[in-house]
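The values are calculated or read from the model by the stated rules, or taken from the named source; none is laboratory data. None of the values given here were measured: they were computed from a predicted structure. Glycine gets a Cβ as well: all are built from the backbone with ideal geometry, and neighbour counts include every protein chain shown.
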Amino acid sequence: METTKKLLEIKDLSIHYFTEEGVVRAVNNIDFELMRGETMGLVGETGAGKTTTARGIMGLVPNPPGRVVGGEILFEGKDLLKASNLEMRLHRGKDFSMIFQDPMTSLNPILTVGDQIAEVIRLHEKLSRKDANLKAAQILEMVGIPAERMSEYPHQFSGGMKQRVVIAIALACSPKLIIADEPTTALDVTIQAQVLELMRELQEKLGTAMLLITHDLGVVADTCNKVAIMYAGQIVEMGSLEDVYDNTMHPYTKGLFGSLPSLSMKSKRLVPIDGLMPDPVDLPTGCPFHPRCPDCKESCKSRAPVKTEVSPGHYVRCLRYE
Amino acid sequence: MLRYIAKRIFLMIPVLLGISFVIFLLMYFTPGDPAQMILGDMADKEDVEALREEMGLNDGFFERYFRYMGDLLRGDLGTSYTTKLPVWDEISVRLPVTAKVAFFVILFAVIIGVPIGILSAVRQYTIIDSITRVLALLGITMPSFWFALLLVLLFSVRLGWLPASGLYGPSYYILPIISISAASIAIITRTARSSMLEVIRQDYIDTARAKGQKERVVLFKHALLNALIPILTVVGIQFAGSLGGAVVNEQVFAIPGIGKLMVDAIKARNYPLVTGSVLVLSLLQSMVNLFIDLLYAFVDPRIRSQYSRDKKKKKALNGAVTANAGMAANKRK
Amino acid sequence: MIKKQAEHGHIKKRSQFQETWKRLSKNRLAMVGLAILAVLVITAIFADLIAPYPYDEQDYNATLQSPSLEHLMGTDEYGRDIFSRVVYGSRTSLYVGFISLTGGALIGCIFGAIAGFFGGKTDNIIMRTCDVLHGIPQIVLAIAIASTIGPGITSALIAVAVSSVPNFARVVRAATMTVRDQEYVEASASLGGNNTHIIIHHIFPNILAPIIVQATLGIGKSILLCASLSFLGLGVQPPMPEWGSMLSNARTFMRDYSYMVISPGIAIMLTVLALNLFGDGLRDALDPKLKK
Amino acid sequence: MKKLLVLALAFMMLMSVIACSEPSTPAPENTSSPDATNEAATPAPDGQEPEGSDPATEIRKENLIVAIQAEPQTIDPYAASHETTFISSEPIFESLFKSENGELIPWLATGYETVDDLTIKITLRDDVYFHDGNKMTADDVVFSLTYGATSSFTSTLFGAIDVENTKALDEQTVELKLLYPYAPLLEGLASYRGAILSKAAFESMGADAFGRAPVGTGPMMFKNWVNGDRIELTAFDQYWGEKPAFDNVIFRIILEASSRTVELETGGVDVAFQISPVDWTRLEENPETQMLTGNSMSMTYLCFNNSMELYGNELIRKAIAYAIDVEAVAKTAYQGQADAADGFIARSIPGYKKVGPWEYNPEKSKELLAEAGYADGLEVKFVTFQQQYYNACIEIIQSMLSEVGITCTIEMVDLATFTSMNNNGELPMTVMANGSSISDPAVALSAWPLERTISLRHNDQHIQDLLDQGERTYAMEDRIKIYEELQDYLWEKLYILPLAYPLSGYGARANIGNFDFVASGVPDFAEIEFTA
């Protein structure tokens, strides 16, 4: 598995929604890379554009009203934005697949679990119905569900079990990349640990790269080797786990860590980041974080910071480091 | 499943009893004397009075009601005042005609309504969507007999392509079906559109697309099957409605249906025929509703599991699984 | 910061109506519907001014004239001006539509709310009575009532009201049951609100949307029912103009004097169309999920 | 979006305009008439399948299709009073005589002899068979006449028959006894009401079943009755007389007047009854159809309830009459297909006397109103049921009366309520018609006898005396004098105001010959000959 070749490279990607209330700038010129077998966390509050980025990669941005307005998404060197619908369809499920957030609604209620897994297998691997079902059974076992339950329906499974099925569907054709959009948010903590554990195992076993989208910094710490912090559609800080966790640069990232209860630091009160997420329709001028930034300077209000590399592999978008 | 059907049929009895009671009440209080209608207005008082006595019209309300119920339980719907035929004979001739027409109307409405509904849902905010929505509205707003008359004048008289009335062959069915189904097509289209729109926004549709499934299959397999239930409900209501409701069209196209029979029976104060036809019609309508509910179970497993007896077995299995899944997970740690 | 939010919250309340209006006004079809309805209501109110002739003035040497300048929509078989009758007819049709619906809606909602809220036996009894009412075809009900109190507006009105009760009851019951399980209803119960208070303050406002939609669509249906009643000979007391009876009487003259059939037919269609457009628009505006 | 709405509405308007507006030229040559599209699936009634022409170049057709406006309650002419019963029973039954403009022609009877005022001896043919194969004998005639005498529907016509003493002298002769002299009897026996039934069949089937599947001696035999749809008769091969030019008669029940007209135009039916007057001209102009019209024997009149205090007052009745322009009412209500009524019985009935029409004089009406004490206005009330022509008359009268300050309310009730109100004398004012099955003054004035309980209620013994005299005198000249005196008296009293003599008519395809208008409205189908 040569990890040198870049699996996924996002260059200057912008995705906007054109609605009647105005243009929603969900994703603004983000770029990052993902190597084969690597796991990167994409962290941010709700509305930061995480899910839109994921859907952008998968080519599932609902159009109208959404549209990719700029940038490139290179998957193994090929720009997905230029790919035809047919090509994209062949990629989805085979080369990259997606796990959605709410297991309760991500499975088709009227089809058996087995059928839903077999469907993706038969789409990408020329197997007969019988063999596809056999493989589906194996994958089901792999995610810890007895094969006999293949003929049951989603409503007969608990939340955790359903998420396992969704994972089974995503990994059925051992894709090179999984995009997991907050896979454990809807689950309670005990099940969350099991599901994450399962995903990490399968990732090692199949050598799959993963883009994990979450707002839970703890989950990122356990599973990812790289992390990118998103705010108002931009990546404000990106780097290896140590870079971002140990010598955090960007004020927003510091704010995020500040609002986390931690056993080691004995702070009596959590320090929330005050203010609200900016309205994506009219983003603040200059650095989007400036209205909420504790050490905001005059220039922050007017000039938009540029992505600067503070140390190898550690990027930040803040005027203080330019 | 059978237990559920038995329960539903058992539930129909009080409803039918209720209907017969209300009809009897309505008939009891409406003025107009059946005996007079039978003997005609030339008959003199004594004859009318004698007939009233003979028909038991002078007895008390409850006495007549219980006598009627007694006969009903023995399966005898009484005899029609005007033609003196057993009510069942009159109904059994007219009911299949209405049922056949109603069936074709619904078939026609579904074949046209559902695809258009889906199309306008998929192509939302385009010109097709607006055209179908407005045409659907026109279907609902047009008085059916006006539309029926227009059709007859256009296709029978001016173009001579189709016969104007009667039901003596396949070509006779075309105009009545178009005129009766206009409203049903409109309603089915609108429901199909709104329920499709509802389903298309669900997450599992994106899951299907994320699998790399063709858009056509995503829509017509994943989406449509889930959108079926609201559509089925409306189809059921429309079918039940057009059974009793097509009176006006039956008159324009001279179709010997049960709707017209019922209306004339009331006008002639032919109590047994009125009650009989309304009861038979309500029974048929309840059967249609039951059939539609069973279709729900067939289409949606969530509903099916409510009926099936083996619910207990399922719970046990569910418990076991969570235990060993947990074991498998920590065994590997 | 907190102050700004509170103030923002305060604005929120008043804008509930504005919010719906804002969304509604964006829906062009609904606006067309509203415009037609407005025209209709105005014609109904000022019918005496708008109509050039009294609706029952007969003119024997001007019978069955096709539309001309003095008679915009021509004259009927008694030489009466059809345009004036259509104008006055709007009064009858709206009267039938609105009164019968408010009647049916009122009873239906009360039935539905009680059934939905209390559930259990009461729910079963009410729903079974609704099935019974629903089982009796509208036409039978109308004729029975018409023969008891004489055909005419009142009997059509009652028939429509009675037969629309089951639909309202069913809609309201379903809405109440969904709303009843919401936390905020339990919350208000825990604060000591008695049942009627809960129904009126918490449940009704939230089930207003389906009721309004059912009402607007229902008015259209009642106007059509009135038309078919006149077709079956149970129409309005002459010489009161009502679109349905005008249409059905004109059908015998349809071949040579088609204008007699077109004007009332179009009047009915326009009204019912407007009601449906507005009803649909209202439903989309009131249903938050449908926000674009 | 909006332009789209306009487009849809325009389309609808366009469709309705082209659909209804008839070009002045008749409907396009209807080559593909429905019978060409009938399928073998069900025995569709088709009218145009000419068989090999008989030697007498007489064109035969398999089916004669007749559209009637309602489903008869029964086909037994003694058990109903609705026109559709008589039309559907006419081809099945025959009477003792046939009456051609007042002159009796022997038919089932070979002749008759009036022994005295109360006895008539009738001799019968011996070669007549019923549809069930039995031979017609005097017993069947006696049975039919006694049935006629006792049935509530035909008591006015045959009530005079003395049921005990009428007997069969032998197989071929009947001695008919009367309770009192009754001049119109023979005319009644010659009408379709005097049908001769098969006694054997009637008694074995029972009255109701017989009414659903009658057995008579006529050229056509009952075959099938599909409820609400059609009644099928087929040719009776042992018929004693001349065979008709068709094998089956199918009476199709089409309730909607415009549908009957359309079926006639498109060839779906050969004959159609109750065509609405507005279609008459179009059917006359259309080369493929013809209209058979003439003066009917019915008279539409405004009926006052003379037992009520207000309408019992002669001044009020006359005041109302003067305010009504009878000519305009007749013309407008019947779309020009009726004349103003100027008498109390139809003009074609012997004994008719022209006494009106009532003078239209609104001023005089106001004077009489003032004289009666209602100078400042009067409230009157009509009660009626859904009947196109009666409602038309009432609406016109209503607006005429408002000219002289009489405001009238109209209460619409349904037929059943109206009938019982009428028979309990509760109708204040209404518009009704009084038809007559035979052209005899006594029958035409059947609304006047005192024992009738309808809302006329004049209880004027003088009228009853004149009616009795008219019935009992046989000599035609004396009868006419009596009835003329009666009509003058009725005109003077004005218990009712005659309004219109409506023309009646029925439509037929152009190829129907030897089929002319009959005042009673029940034509003889057997005579029909096809010309194309």
Checking B:L295 against (1) surrounded by fewer than 24 Cβ atoms within 10 Å (Cβ to Cβ); (2) over 25 Å from B:I112 (Cβ atoms): exactly one of these is not met. Which one? (2)
Need the failing condition index for B:R133 against (1) within 10 Å of chain C (Cβ to nearest Cβ); (2) among the charged types (D, E, K, R); (3) free of Cβ contacts under 8 Å to residues at least 24 places away in the same chain, just the number. (3)
What pairs come up if the first residue lies in the stretch C:38-55 and is of a type in the set (S, T, N, Q), the second is surrounded by 12 or more Cβ atoms within 10 Å (Cβ to Cβ), and their beta carbons are under 6 Å apart, counting only those six or more places apart or on different chains? C:T43/C:I50; C:T43/C:V87; C:T43/C:S90
I'd like the full set of residues that are surrounded by fewer than 24 Cβ atoms within 10 Å (Cβ to Cβ) and more than 8 Å from chain B (Cβ to nearest Cβ), limited to the stretch D:251-266. D:A257
Considering residues of the stretch A:191-237 that are among the polar types (S, T, N, Q) and assigned to a loop (DSSP other than H, G, I, E, B) only, the residue farthest from A:C293 (Cα to Cα): A:T208
Just need a number here: residues in the stretch A:268-291 that are of a type in the set (A, V, I, L, M, F, W, C) and either more than 15 Å from A:L256 (Cα to Cα) or more than 25 Å from the chain's Cα centre (by Cα) (or both). 5
Determine whether the stretch B:269-279 contains at least one residue that is within 28 Å of B:Q36 (Cβ to Cβ), within 14 Å of chain D (Cβ to nearest Cβ), modelled with pLDDT under 85 and out of contact with any helix residue (DSSP H, G or I) (no Cβ under 7 Å at 6 or more places or on another chain). no
Residue that is modelled with pLDDT under 85, in the same structural domain as D:I75 (by TED's automatic domain parsing) and assigned to a helix (DSSP H, G or I), where the choices are D:L157, D:L145: D:L157
Taking B:S184 as meeting all but one of (1) over 24 Å from B:G139 (Cβ atoms); (2) crowded, with 24+ Cβ neighbours inside 10 Å, write down the number of the exception. (1)
When the stretch D:377-419 is examined, which residues are found to be surrounded by fewer than 20 Cβ atoms within 10 Å (Cβ to Cβ) and among the acidic types (D, E)? D:E379, D:E403, D:E411
Residues satisfying the stated conditions in the stretch C:219-247, i.e. closer than 16 Å to C:R80 by Cβ and in a helix (DSSP H, G or I): C:W243, C:S245, C:M246, C:L247
I need every pair where a residue in the stretch D:407-434 that is at positive phi and aliphatic (A, V, I, L, M) has its Cβ under 6 Å from the Cβ of a residue that is assigned to a strand (DSSP E or B) and buried (at least 20 other Cβ atoms within 10 Å of the Cβ), sequence separation at least 6 or different chains. none
The stretch A:175-222, residues that are of a type in the set (G, A, S), within 23 Å of A:L8 (Cα to Cα) and within 13 Å of chain B (Cβ to nearest Cβ): A:A180
Could you look through the stretch D:323-340, keep only residues that are in contact with a helix residue (DSSP H, G or I) (Cβ under 7 Å, 6 or more places away or on another chain) and hydrophobic (A, V, I, L, M, F, W, C), and pick out the one that is farthest from D:R282 (Cα to Cα)? D:A323
Name the helices (runs of 4 or more DSSP H) wholly within the stretch C:41-152 that hold at least 1 residues that are in contact with a Pro (Cβ under 6 Å, 6 or more places away or on another chain), buried (at least 18 other Cβ atoms within 10 Å of the Cβ) and more than 14 Å from chain B (Cβ to nearest Cβ)? C:82-118
So A:E45 ticks every box in (1) crowded, with 19+ Cβ neighbours inside 10 Å; (2) modelled with pLDDT under 85 but one. Which box is left unticked? (1)
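Please find, within the stretch C:17-40, the residue that is farthest from the chain's Cα centre (by Cα) out of those that are within 11 Å of another protein chain (Cβ to nearest Cβ) and of a type outside the set (K, R). Give the derivation first.
We begin by selecting, within the stretch C:17-40, every residue within 11 Å of another protein chain (Cβ to nearest Cβ); these are C:22-23, C:26-33, C:35-36.
Applying the additional criterion that residues be of a type outside the set (K, R) yields C:27, C:29-33, C:35-36.
Details: C:N27: 20, C:L29: 18, C:A30: 16, C:M31: 17, C:V32: 17, C:G33: 13, C:A35: 16, C:I36: 14 Å.
Among those residues, the one meeting the criterion is C:N27.
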Tell me, yes or no, whether the stretch A:109-123 has at least one residue that is modelled with pLDDT under 90, in a strand (DSSP E or B) and surrounded by 16 or more Cβ atoms within 10 Å (Cβ to Cβ). no
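So which of D:S437, D:S402, D:S455 ends up being more than 26 Å from B:Q36 (Cα to Cα) and assigned by TED's automatic domain parsing to the domain that holds D:K318?
D:S402
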Quick one: in the stretch D:420-443, of everything that is in contact with a strand residue (DSSP E or B) (Cβ under 7 Å, 6 or more places away or on another chain) and of a type in the set (A, V, I, L, M), which residue is surrounded by the fewest Cβ atoms within 10 Å (Cβ to Cβ)? D:A433
Across the stretch A:88-108, the tally of residues that are in contact with an Asp or Glu (Cβ under 7 Å, 6 or more places away or on another chain) and facing chain B (nearest Cβ under 7 Å) stands at 5
State whether the residues of the stretch D:294-312 include one that is in a helix (DSSP H, G or I), farther than 30 Å from D:N423 by Cβ and either touching a residue at least 12 places away in the same chain (Cβ under 8 Å) or away from every other protein chain (no Cβ under 11 Å) (or both). no
Report yes if D:I87 is at pLDDT 85 or above, closer than 21 Å to D:F158 by Cβ, away from every other protein chain (no Cβ under 14 Å) and assigned to a loop (DSSP other than H, G, I, E, B), otherwise no. no
For B:I111, work out the one condition from (1) more than 9 Å from chain D (Cβ to nearest Cβ); (2) without any contact (Cβ under 8 Å) to a residue 60 or more places away in the chain; (3) over 27 Å from the mean Cα position of the chain (by Cα) it doesn't fulfil. (3)
Which of the residues spanning the stretch A:82-107 are surrounded by 16 or more Cβ atoms within 10 Å (Cβ to Cβ), without any contact (Cβ under 8 Å) to a residue 40 or more places away in the chain, not in a loop (DSSP other than H, G, I, E, B) and not polar (S, T, N, Q)? A:M88, A:R89, A:H91, A:R92
Only listed residue being without any contact (Cβ under 8 Å) to a residue 60 or more places away in the chain and either touching a helix residue (DSSP H, G or I) at 6+ places or on another chain (Cβ under 6 Å) or under 21 Å from C:E57 (Cα atoms) (or both), chosen from C:L282, C:L277, C:L247, C:L273: C:L247
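Out of curiosity, is B:L138 in a helix (DSSP H, G or I) and either surrounded by 23 or more Cβ atoms within 10 Å (Cβ to Cβ) or at positive phi (or both)?
Working: in a helix (DSSP H, G or I): yes; either surrounded by 23 or more Cβ atoms within 10 Å (Cβ to Cβ) or at positive phi (or both): no.
No; evaluated as a whole, the condition is false for this residue.
Looking at this structure, is B:A50 within 14 Å of chain D (Cβ to nearest Cβ), modelled with pLDDT of 85 or more and in a helix (DSSP H, G or I)? Write out each step before concluding.
Numbers: within 14 Å of chain D (Cβ to nearest Cβ): yes; modelled with pLDDT of 85 or more: yes; in a helix (DSSP H, G or I): yes.
Answer is yes for this residue.
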